[in-house]
Amino acid sequence: MYPFSEKILLTKQQSLIACRSYFERVEEIAEKNTLKVLNTLRKHKIAEHHFHTTSGYAYSDAGREKLELVWADICGAEKALVRTQFVSGTHALASVLFGILRPGDELLSITGTPYDTMQTVIGYHEESAGSLKEFGISYNEVPMKNDKVDLEAVKKAIHSNTKMVLIQRSRGYSLRAPLTIDDIEKICTFVKSIKHDCICFVDNCYGEFVDISEPTAVGADIMAGSLIKNPGGGIAPTGGYVAGKAELVDLVSYRLTAPGIGSELGASLVDNRLLFQGLFLAPHVVAQAIKGAIFAAEFFTKLGYYTLPETSAIRSDIIQAIQLNNKEKMIAFCQGLQRFSPVDAHVSPEPWDMPGYSDQVIMAAGTFVQGASIELSADGPMRAPYIVYLQGGLTFEHSIIGIMGAAQAIEDIHNS
Ligand SMILES: *Cc1c(COP(=O)(O)O)cnc(C)c1O
């Protein structure tokens, strides 16, 4: 029945035993978050008639309005936009920047170089048409120091025109640890103590439901993320969200639609059930993904690889980095994972020149929703030390099998 070697099967058994207590912690968070979601759904009296699609301008779209009230409550925010009209996380994040910043303002990233797609939005490199830079919004960044925000350097870097600080919670394609909710709370308090009206904006991608509070509940003014990552629960077919202070979310809504229209329009083009049900499932699905990540950390450590975070680490995003040190192994890992995907399992990923990246990138993603990284997926730039970033997993069982598949493909390099 199992196409896996004795060694891999034995390592799996040992890893599952070693991970047990860490899994318990994750399951406890999932239960607390599920209770939070249920309490919020009850409070807003969510019923079947909120699930219908609407058309045209969609004034008074009850489903959309309820969804955003629920979302705001869950985030500890005053207001939220939860829209399939956001085409991706980058679009939601960019809407925050363009909605709030004005010519002459400075955006300061205090978690070092931002995620690749955000660099294009900012105008980080030359020639990115339509960037913040073209609109006269300047950018500066403070590198992180020992995986922490360098508060002293932040203090020096905040000037009178620093309208907003950008705080990226997750690691992205780097080996740093993600920021915890505690970290984010302290950072926001610190920034406000330097400049009380400086807006703290959190890129919350991959962080939703990993802990029992979200950044906007602990001092962040606004945050944004993708619905095909954690908070869509694997069910949302597309979309993004923004949550935070009402006046800021309103500014973002004028950029999403138009000034004067804001959040009042926008048809529920897909069955809202998918967004409500995805939200309901999200705490559980995120826990499944994190259990898969913890298992992968232990499993690949036992096989002799460096993994980050390590098995016992407290998680603040769903990403697991595994350093493979070898190009062939990185390709084999992705191909092995892909073989045990529910979709496109018959195709074999290869490194390719992806727009916007300086090195070739390889991606394993046999997902139901295209590119959904809450589903089991792995990717990384093809450069030494050949680190593969594993994330997602709608069911823990699938993660176990996919991870064994990746290890088997690596083992098979030597046997062929
Ligand atoms: C995924 C992600 C984004 C946005 O990516 P999209 O693919 O556009 O949804 C931004 N920042 C971080 C840290 C991310 O992980």
Does region 210-225 include one or more residues that are at positive phi, open to solvent by 10 Å² or more (accessible area, probe 1.4 Å) and free of Cβ contacts under 8 Å to residues at least 60 places away in the same chain?
-> yes
Would you check if there is a residue in region 257-273 being crowded, with 17+ Cβ neighbours inside 10 Å and within 16 Å of the ligand (Cβ to nearest atom)?
-> no
Could you tell me whether A94 is free of Cβ contacts under 8 Å to residues at least 60 places away in the same chain and among the small types (G, A, S)?
-> yes
Before we move on, is D412 open to solvent by 50 Å² or more (accessible area, probe 1.4 Å), closer than 19 Å to F299 by Cα and not hydroxyl-bearing (S, T, Y)?
-> yes
Check whether at least one residue in region 266-281 is closer than 19 Å to S213 by Cβ, under 17 Å from the mean Cα position of the chain (by Cα) and part of a helix (DSSP H, G or I), and report yes or no.
-> yes
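Can you name the residue in region 229-243 that is open to solvent by 10 Å² or more (accessible area, probe 1.4 Å) and within 13 Å of the ligand (Cβ to nearest atom) and, of all such residues, is nearest to Q391 (Cα to Cα)?
So, considering only residues that are open to solvent by 10 Å² or more (accessible area, probe 1.4 Å) and within 13 Å of the ligand (Cβ to nearest atom), the one nearest to Q391 (Cα to Cα) is K229.
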Give the residues of region 313-343 that are aromatic (F, W, Y) and part of a loop (DSSP other than H, G, I, E, B), sorted by residue number.
-> F340
Number of positions in region 124-172 that are within 16 Å of the ligand (Cβ to nearest atom), outside any strand (DSSP E or B) and crowded, with 17+ Cβ neighbours inside 10 Å = 9
Within region 73-94, restricting to residues that are surrounded by 23 or more Cβ atoms within 10 Å (Cβ to Cβ) and part of a helix (DSSP H, G or I), the one that is farthest from the ligand (Cβ to nearest atom) is I74
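Kindly check whether there is at least one residue in region 62-72 that is open to solvent by 70 Å² or more (accessible area, probe 1.4 Å), closer than 19 Å to V249 by Cβ and out of contact with any Leu (no Cβ under 8 Å at 6 or more places or on another chain).
yes
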Would you say H346 is more than 16 Å from the ligand (Cβ to nearest atom), within 25 Å of P237 (Cβ to Cβ), assigned to a loop (DSSP other than H, G, I, E, B) and not acidic (D, E)?
-> yes
Please state which one of T307, T311 is farther than 26 Å from E31 by Cα, hydroxyl-bearing (S, T, Y), assigned by TED's automatic domain parsing to the domain that holds G392 and open to solvent by less than 20 Å² (accessible area, probe 1.4 Å).
-> T307
Which of the residues spanning region 95-123 are open to solvent by 40 Å² or more (accessible area, probe 1.4 Å) and away from the ligand (no atom under 11 Å from the Cβ)?
-> R102, P103, G104, T113
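The values are calculated or read from the model by the stated rules, or taken from the named source; none is laboratory data. As the structure is a computational prediction, the values presented were derived from the model and not from experiment. All Cβ positions, glycine included, derive from the backbone under ideal geometry; neighbour counts span all protein chains shown. Heads up: the accessible areas ignore ligands, DNA and RNA and are worked out on the full protein's heavy atoms, side chains in. Shrake-Rupley method; radii C 1.70, N 1.55, O 1.52, S 1.80 Å.
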